[in-house]
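No value in this document is a laboratory result; all are computed from the given coordinates. All values derive from a computational prediction rather than experimental measurement. Reconstructed Cβ throughout: ideal geometry from the backbone, glycine too, with neighbour counts over all protein chains shown.
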Amino acid sequence: MTWWCAASSEPWSWVWRAYPGVWVFVALLAASGAAALRGNFAREAARPGSDAPARRAGRVAAYGCGVLFCWMALDWPLGRLGGGYLLAAHTAQYVLLTFFAAPLLLLGLRRGPGDGAGLPGVNPLVSLVVYNALLAATHVPAIVDAMMRTQWGSAIVDLGWLVGGIALWWPALHPDPERRLVPPLRMGYLFASTLAPTIPAALLMFGDYPYYGVYELAPRALGLSAQQDQQLAGLIMKVIGDPLIWFSTAFIFFRWQARLEREEREEES
């Protein structure tokens, strides 16, 4: 039985395939998140003047969407296409796990002030190093060709992207609001995070030949040649990944400005 999506020499088919390993992982992610959310809500409900009930739905929805994006990225059909047919699908998995699932999971696990005291603090340099190291390692052709040929290797790459995404967003979306970077540093940090991914994206878009044997030699799918597939992968990385960072930066800026204006009005009154 195939437990995880990995490379295969079989011709691509739209026939549904079961991947129990993906289901188990998604179920564990949902169950652990539900337990964490219950604990967060219980602590907030015990705090005097808590408005926890008004915020529960948003946190549950954010975490649920994060789990859903994980499922979309890992299961059939995207997981199977990315596992050994199309580099573009593989890159779409990276984008979903790093820029959609990871921040939504962290948003769902937000805590009240002081409730996240037991969690690791913010170290943006370490976060960038971890994220960029995982990004680089999972885009080296020799590593990708070796890892994607086995279910365990493919699973490690997928989970590495989720871990890298959590490391990337940790300083900006730390569960304890008091331990997040202040808005100006948060915006600078997010901008810095877009610099390193430009290199692999440019190499994919403008490369003269396919870099990854596992995708170059795979049975063709969706009518894309190996070169077209690689160019599309680079385009996905920059056209989807970077705008999400820019949108987040703009949101932080306007929210920060609104807070400053509100504080000024309060001081004047």
Original post:
About its Cα centre, what dipole magnitude does the stretch 20-268 give when the only charges are +1 on Lys and Arg Cβ and -1 on Asp and Glu Cβ, stated in debye to the nearest 20?
Top reply: 540 debye
Original post:
Of W256, L107, G164, whose Cα points farthest to the positive end of the dipole of the chain (charges on the beta-carbon: +1 Lys, Arg; -1 Asp, Glu; origin at the Cα centre)?
Top reply: L107
Original post:
Using the alpha-carbon centroid of each, what span in Å lies between the stretch 195-222 and the stretch 137-172?
Top reply: 16 Å
**OP:** Quick one: compute a quarter of the convex hull surface over the Cα atoms of the chain and quote it in nm².
**Re:** 15.7 nm²
Original post:
Roughly how big is the stretch 53-172's charge dipole about its Cα centre, with Cβ charges of +1 (Lys, Arg) and -1 (Asp, Glu), in debye to the nearest 20?
Top reply: 380 debye
Subject >> Rel. contact order, % - alpha carbon contacts under 8 angstrom, at least six apart, the chain >> reply: 24 percent
Subject >> Student exercise, the stretch 133-269 dipole from Lys, Arg, Asp, Glu Cβ charges, in Debye to nearest 20 >> reply: 260 debye
**OP:** Report the one residue of A7, V214, L195 whose Cα lies farthest in the direction of the positive end of the charge dipole of the chain (charges on C-beta: Lys and Arg +1, Asp and Glu -1; origin at the Cα centre).
**Re:** A7
**OP:** May I ask you to list, by number, the DSSP H helices of the chain whose Cα span along the axis is at least 18 Å and whose average Kyte-Doolittle hydropathy reaches 1.0 or more?
**Re:** 124-137, 151-169
Subject >> Counted charge near A61, where neighbours are those whose Cβ lies closer than 13 Å (Asp, Glu -1; Lys, Arg +1) >> reply: +4
**OP:** Once you have the Cα-Cα distance between E266 and A137, take 0.36 nm times their residue separation minus that, and quote the gain in nm to one decimal.
**Re:** 41.4 nm
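For an R0 of 41 angstrom, estimate the FRET efficiency from the Cβ-Cβ distance between A61 and T150 and round to the nearest 0.05.
Computed FRET efficiency for A61 and T150 comes out at 0.70.
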Original post:
When ranked by the protection proxy of mean other Cβ atoms within 10 Å per residue, highest first, what sequence do the peptides 205-211, 122-128 form?
Top reply: 122-128, 205-211
Original post:
Points 7 angstrom from Cα along the Cβ direction at L195 and F251: gap in nanometres?
Top reply: 2.5 nm
**OP:** For every other residue with a beta carbon closer than 11 angstrom to the beta carbon of P171, add +1 if it is Lys or Arg and -1 if Asp or Glu, then tell me the sum.
**Re:** +3
Original post:
Taking 0.36 nm per residue of separation and subtracting the Cα-Cα distance, what length does fully extending A18 through W3 add?
Top reply: 4.6 nm
Original post:
Under a Cβ-Cβ cut-off of 12 Å, what is the net charge of the residues other than F25 that fall near it, where Lys and Arg count +1 and Asp and Glu count -1?
Top reply: -2
**OP:** Could you tell me which of W152, A31, N132 has its Cα farthest along the dipole of the stretch 20-268 towards the positive end, charges placed at Cβ (Lys, Arg +1; Asp, Glu -1), taken about the Cα centre?
**Re:** A31
